[in-house]
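The values are calculated or read from the model by the stated rules, or taken from the named source; none is laboratory data. Everything numeric in this text was worked out from a predicted model, so none of it was measured. Remember, those area values only see protein heavy atoms, side chains included, never the ligands or the DNA or RNA. Shrake-Rupley method; radii C 1.70, N 1.55, O 1.52, S 1.80 Å.
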Amino acid sequence: MDTTRTLSALLLATAFAGAADAATQRPTPAMARTADQERRIDVAAEQGRITPHQVHQLQAAREALARQARELAEQPHPDVMAQLALSHRLDRLDWAIQSGNTQFLHAHQLAMRG
């Protein structure tokens with residue numbers, strides 16, 4: 001009987017730990033925006049508003065921003081300045097998708113590395 005209780009307690013603790021991990025990876029508005037941007041890039045490509053090279057550039061930028069959004073969502077305490085900076089980069093990517101102008105992406109990626 002003692003072994004059964006111990007195993008039950010261990011299983012329950014594991015379930016709570018898994019629930020806590022799932023809670024830290026909650027969807028955020030930035031994550032929703034990157035998903036919407038992916039759809040909009042596909043639509044712009046289908047309509048011929050952007051070239052295959054631009055699609056590649058926009059997708060690479062979108063993936064980098066999605067990764068940043070996930071990293072911010074995993075933090076136990078929100079970094080408001082990082083969230084605002086991410087929102088600004090998402091705004092710029094929205095503009096690039098809408099306008100088909102990807103010239104700023106290269107300079108922006110170099111600035112992020114430096």
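Only one residue in Gln47, Gln103 is more than 20 Å from the chain's Cα centre (by Cα), open to solvent by 80 Å² or more (accessible area, probe 1.4 Å) and modelled with pLDDT under 90, so which one is that?
Gln103
Tally up the residues in segment 51-67 that are in a helix (DSSP H, G or I) and open to solvent by 40 Å² or more (accessible area, probe 1.4 Å), please.
Result for segment 51-67: 7.
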